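First the structure, in the form of structure tokens, and then the observations on it.
The values are calculated or read from the model by the stated rules, or taken from the named source; none is laboratory data. Remember, predicted model here, so these are calculated numbers, not experimental data. For neighbour counting, all protein chains shown are included, and Cβ atoms are generated from backbone atoms with ideal geometry for every residue, glycine included. Calculation scope for accessible area: heavy atoms of the full protein, side chains included, ligands and nucleic acids excluded. Shrake-Rupley method; radii C 1.70, N 1.55, O 1.52, S 1.80 Å.
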Amino acid sequence: MANGAQGKLDELKKKIFFTVLLLCVYRMAAQIPVPGVDGKAIAAYFAEGGGGIFDLINTFSGGAFKRFSVLALGIMPYITTSIIFSLLGEVIPQIAELQEDADGHKKIQKWTRYLTVVLCCIQGYGMAAVFESFKSPGGIPVIPDPGMLFRLTTMITLAAGTMFLLWLGERITEYGLENGVSLIIYAGIAVELPSEIIRKLTLYRNGELPGIQLLLSFAVILCAFYVVAFIEKSFRSVPVQYAKKVVHNRVYGGTQSLPMKVDTGGVMPPILASSLLAAPTTFASFVSETNPIKPYLDTIIQSLYPGQLLFNIFFASLIVYMTYFYAPIQFKTKKITEMLQKNNAFIPGIRPGVKTKEYLDYILNRLTFFGALFLVVVCVLPDLITGSPTRFGGTALLILVSVSIRVMMNIQSFMYSDKLESAYKSKGKNKGQNRRF
């Protein structure tokens, strides 16, 4: 038993080492700039506060966007295409059938990758065109030699970088501890934490940030971490009665519970809401300065800048809408009702079939209300309390906490399954009158 436990521990160490190694490869690749970019000029441009509208993309790319790295797009194009196919599955029955079938699921994954490449090419070309207009405070262009050759080179480079990240994520999923895509996003956000703390301390030393506001910022972040961790581990248990049956003098079945997360929508509603709010600013960046509608677009952008009243109102409204939209996709009451019927299970006091689905929809709507309220508070309230937007808003906190919880649960289940297996095997070793089986 001791040798088996040691072997399992060694396997866990290998998984941790492999995961950390690939994440280090990801961070090293994020430092490689796109060919044709002036590193000093782009650093000076963003140091002056330029490009603040791209903070969401920069956060999820681990700072690679503001360096115009080969991984500037990050893994977000793949997440976007995955969401698109999830939504299409709710509208198109043929796609829904493919998603439920094993072979069909592989076909959907293949289509998702193809669409990811197309989306990367479009975004990569657009980013190259936008960065060509950027200049440092000294008037030095970020792209010394702009043109079609640079745009095509950048488009191919950024698309290859995203697909490389996707390959790394698949290897982490296969040999590591957790879903690779989630860990890559987690690493990109976590690596920005020290720089955010240093930035706050620098502002305090320069007299630009009062000491009370600095302490308040750290206190809000710690409280938000605690609240997010508490809600992410909270469930609403629905009792389910399974038909009892006797096999070899053992009774199987009885009363169990169906867990329903309080935050059913998860981190996707804030991400979708942030993406929609970033659309006007992204569109405005493609409009030239000589265009007559440019001043009006600049006014809209200033109103939709993080921390402004209009931004908070639209952000909160979109989070509520996206939570109610995305929660039924995550928790499919119809599918769960059919599964309960197939397993001869029912909710006590509720008739199987349509009544069960209506009851689950009722509970889901109540949980979605509290989940939407929680997301609005976490995403909007910290900025209102501190008085200044931070890189670690609700979306970043949700990802950091949820991925950390899942990694810890995977490690615990990995070791706990070994204990159960060892205990089961030890019982079978007894022979004669002492044997258990």
Mind listing which GluC sites (Glu not before Pro) in segment 137-183 are in a DSSP loop and have 13 or fewer other Cβ atoms within 10 Å? none
Using a/c under 1.5 as the rounded threshold, could you call segment 99-234 rounded, prolate or oblate? The axes a ≥ b ≥ c are square roots of the C-alpha gyration tensor eigenvalues, and prolate needs a/b larger than b/c, oblate otherwise. oblate
When the convex hull of the C-alpha atoms of segment 325-374 is computed, what volume per residue in Å³ does it have? 76 Å³
Total charge dipole magnitude, segment 103-206, about the Cα centre, Cβ charges on Lys, Arg, Asp, Glu only, Debye to nearest 20: 140 debye
To the nearest 10 square angstrom, how much accessible area does Met155 have with a 1.4 angstrom probe? 40 Å²
Rounded to a whole number, what % of the accessible area of segment 168-211 do carbon and sulfur atoms account for, probe 1.4 Å? 58 percent
With every protein chain present, what is the per residue accessible area of segment 89-229 (1.4 Å probe, Å²)? 55 Å²
Taking alpha-carbon centroids only, segment 197-218 lies from segment 59-125 a number of Å equal to 39 Å
Peptides ranked, highest mean first, by Cβ atoms within 10 Å: ranges 134-142, 323-331: 323-331, 134-142
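How much of the accessible area of segment 31-140, probe 1.4 Å, is carbon plus sulfur, in whole percent?
About 62 percent, which is the carbon plus sulfur part of the accessible surface.
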Report Ser275's accessible area, 1.4 Å probe, all protein chains in place, as a number in Å² to the nearest 10. 60 Å²
